[in-house]
Amino acid sequence: MPSPPVPVLVSQKDLPRAIAVLVVGYAAVAWLVLQLDDYFAAEDQDETFNFPKVAIFVSVYTALMVIWRFLEHGTYVLYEILWACNVSLFLVAMGLYLSKPFLVGIAMVTVSGDQLLWYIDAVSFVLQGKFITGAMKYLTYPENRSFSKTFFATHHLWFLPVCLYITNGHGGMHGSSFVASCILTTALAAFCRVTTPFEVRVPGSDHVIYLNVNGAYEFWKDINIPLLHLLDHHHPLLYLPFLAVVGNFVANGFPHILVLGIALGLQFSPLLNH
């Protein structure tokens, strides 16, 4: 297996670059999802898709997450804001402000695998004191033991229920959300492979901080399934297509079907429609 890249020193002087990467990344996401919405859901716009309180809550939560993490941890955390789970918060806010439920559907698929594992890990931690899937284990890393990294990770638990609530009665999860999510996550991984480091260090510390944003270099190290790590650190032209397949069809395949089933069930429940 090829060796991983050496850790990159990230300091305050790298702030302009980190901000530029973040802004360009989110601008590209906004452009891409609007193109996907126009292609897959142009005839499914819903002007009644309007939840201003939810939109404000998600927007404020996301803004506070970015600011608080930056103040506590410094420049390198701006790269972490490009994680798909954080981008999905942006998609929900964007979908609500623009009355485009398809964007919320993309977000739901994108986080389905990871956040269902979070539910399993949360229950196993309460009952057994350990994370049996490894999805939540990163919270125990030394660099993540802070208020901003812990509190502002709670969206992994409330995000899907909120999305199911707001899309209920508005078409639920669109049938093309999975395809759109595959395109988005592949683009995010490619962007992060080019623009973000695998691991970083901060001035005055020898501790190495694991980033690997969106699994751009290797499948997440705490997920101990050998097949998923088959092409870790290989050339991007070999690894990224592999990640696109295993990340979307293996990791998100069944979970997205489960979430889609729940969304469809809610659609046909007259007691739950709003």
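Mind listing just one residue for me: the one in segment 10-30 that is over 20 Å from the mean Cα position of the chain (by Cα) and surrounded by 14 or more Cβ atoms within 10 Å (Cβ to Cβ) and, of those, nearest to residue 186 (Cα to Cα)?
17
Looking at segment 29-44, which of its residues are touching a helix residue (DSSP H, G or I) at 6+ places or on another chain (Cβ under 7 Å) and under 17 Å from residue 182 (Cα atoms)? Please lay out each step first, then the result.
Step one: filter segment 29-44 for residues touching a helix residue (DSSP H, G or I) at 6+ places or on another chain (Cβ under 7 Å), giving 29-30, 32-33, 36-37, 40-41, 44.
Within segment 29-44, 29, 30, 32, 33, 36, 37, 40, 41 qualify.
Given 245, 194, which one is under 26 Å from residue 34 (Cβ atoms), assigned to a helix (DSSP H, G or I) and modelled with pLDDT under 95?
Being under 26 Å from residue 34 (Cβ atoms), assigned to a helix (DSSP H, G or I) and modelled with pLDDT under 95 holds for just one of 245, 194, which is 245.
Keeping to segment 122-138, report how many residues are without any contact (Cβ under 8 Å) to a residue 40 or more places away in the chain and either touching a strand residue (DSSP E or B) at 6+ places or on another chain (Cβ under 8 Å) or crowded, with 21+ Cβ neighbours inside 10 Å (or both).
So the answer is 1.
Check off (1) charged (D, E, K, R); (2) loosely packed, with under 15 Cβ neighbours inside 10 Å; (3) in contact (Cβ under 8 Å) with a residue 24 or more places away in the chain for residue 149 and give me the number that stays unchecked.
Of (1) charged (D, E, K, R); (2) loosely packed, with under 15 Cβ neighbours inside 10 Å; (3) in contact (Cβ under 8 Å) with a residue 24 or more places away in the chain, only one is false for residue 149: (2).
From the set of residues in segment 31-55 that are within 20 Å of the chain's Cα centre (by Cα) and surrounded by 13 or more Cβ atoms within 10 Å (Cβ to Cβ), which is farthest from residue 202 (Cα to Cα)?
Step one: list which residues in segment 31-55 are within 20 Å of the chain's Cα centre (by Cα), which gives 31-37, 54-55.
Applying the additional criterion that residues be surrounded by 13 or more Cβ atoms within 10 Å (Cβ to Cβ) yields 32-34, 36-37, 54-55.
Working: 32: 33, 33: 34, 34: 36, 36: 38, 37: 40, 54: 36, 55: 35 Å.
It comes out as 37.
The values are calculated or read from the model by the stated rules, or taken from the named source; none is laboratory data. Quick caveat: nothing in here was measured; it's all calculated off a predicted structure. No Cβ is skipped: glycine too gets one built from the backbone with ideal geometry, and neighbour counts run over all protein chains shown.
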